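Asks: This is the structure, below, for whatever I ask next.
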Amino acid sequence: MSFFVNSLTIDNAFYSLPQIAAAAFSKPGVTRSSNEMPALVKLQDEKIAAVYEREALTLASFRELLDLAFSAGHTYTVAIAHTSGSHFSVFDAESLIEHFKKKPFKNPINESLISDICYFQINNNDVPCFELIQKISPEDSYSDEKAKFDFIQNFLTANSSKATPGQLIKAQCNLGTCYEEGLGVTQDFTEAMRWYRLAADLGDPIAQLSLAIFYEEGINLPKDPKEAVIWYQKSADQGDPDAQFCLGVCYYHGRGVDEDPEEAVIWYQKSADQGNSDAQFNLGICYYYGKGVAEDLKEAVHWYQKSASQGNSKAQHNLAVCYDNGKGVAEDPKEAVVWYQKSAKQGERSAQFSLAACYDNGRGVVQDPVEAVHWCRLAAIQGDADAQFNLGVCYRHGTGVAEDNEEAVRWCRLAADQGHPDAQYTLGVCYAHGTGVAEDSEEAVRWCRLAADQGHSAAQYTLGICYAHGIGVTEDIEEAVRWCRLAAYQGHSDAEMTLERLETEKNLSKQD
């Protein structure tokens, strides 16, 4: 027989759980001294439903619970101790039900009840009372309190000698989750890992997966990819689709194990076949690029579609690209837009930028510069360098938005800082002409050089002109020739003509 309290105050005296139990298990009618809790001997039999310190909590929390028990044909004796101390009342289930019907309670769950909860006995089987409470009042909104109930339920089960192996493992794993996420208890990664390991050692695949993630991500401990793979493997071998996917990622990228795309595909396939959308997406990538498997664009589209239909935003984007370019499927710009939109609305910045391009060019959708700017801005805000540069160009030319050179410079700078060569060159031009920013020839040269070093032909040509005329840099014909030649090699027509003139001037200067 289990009780709900660890201690109880009666007649201003403090009694421990064993003392209460000793008195409760005595035969009915046995006389006890006042120090031995005379109120407890008034119990009719050993079918004790609850012992509570707070009458209000008992009345509030067990109204429906007792109703449920009584309707099922059970009769219980409930002992209720008031916090005032000496008063101790005994009721049978039927009289309590009548009392509750006269005095209903709308929300039976509250935080102060947590410290007293333990087990409720039905037909000689210990059942967590809070589990029954949740079943009889599922409509109540008490997420925080429910988390505490769940935590206590798992804690008691995990420490119960009566729990079956299955119940024990599940409770241990759930406790790990409670501690990891701070559900019903203060977040504690050390405790989370302790409970995960207990369950993982007993073979629970979810706990093994959680333990692997702790090792891979270095949660409250040094990262250990090799140890992560060990636990991913244990969980994956039991068929957990998430673990199979994670193990595939480890093999694909060589994390904690030698890189092996073929082995990665094996695990992606196992996980994908169970419906894991991330695995389906990754499997699609493998088929698209021929990584670990023969290239097969149609098979790639097949897996992209499966993943995309489950709402995977990356798969939706890749599927859109396939329709946009006729890769593995017939080219269909309109269908591409459908999937770009689905992905973009989920915040996938690549899809947002692609959708902006569709509206800008009128591909698969009616051309709309304003709508193009809208989607381009969303991608730019997320840090997409191409989108930032394009948005800067829109502001510079007043396309889909009012012309604003300062805004143009701001967005181009964000892209340029990420190494975007077009943005770097454009920013250099802005500094050269004082467009949206104070004129500064040295800054112009600096940004043009950054773009030129990346092979930007216009920047190379511009840098050649700067050296030829000493703009923002010391005049240097040889450097001017060098940069113009690099631009000319890429077919820059102005650079070709300028190069011819510069080389003539260079030769004439040598003759002099």
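Asks: Could you sort 497, 193 by accessible area so the largest value comes first, with the probe set to 1.4 Å?
Replies: Reading off the accessible areas and sorting them downward yields 497, 193.
Asks: So for the pair residue 310, residue 478, with labels modelled 7 Å out along Cα→Cβ, what separation do we get in nm?
Replies: Taking the simple label geometry, residue 310 and residue 478 are separated by 6.3 nm.
Asks: If you count only protein heavy atoms and use a 1.4 Å probe, how large is the accessible surface of residue 474, to the nearest 10 Å²?
Replies: 110
Asks: For residue 501 and residue 438, FRET efficiency with R0 = 30 Å and r from the beta-carbon atoms, rounded to 0.05?
Replies: FRET efficiency, residue 438 to residue 501: 0.45.
Asks: Keeping all protein chains in place and using 1.4 angstrom, which order do 493, 271 fall into by accessible surface area, from largest down?
Replies: 493, 271
Asks: OK, next. With a 1.4 Å probe and every protein chain left in place, tell me how much accessible area residue 440 has, in Å² to the nearest 10.
Replies: In the full protein context, residue 440 sits at about 60 Å².
The values are calculated or read from the model by the stated rules, or taken from the named source; none is laboratory data. Since we're looking at a predicted model, the values are computed, not measured. Note that each Cβ is placed from the backbone with ideal geometry, even for glycine, and that neighbours are counted across all protein chains shown. Side chains included, ligands, DNA and RNA excluded: accessible areas come from the protein's heavy atoms. Shrake-Rupley method; radii C 1.70, N 1.55, O 1.52, S 1.80 Å.
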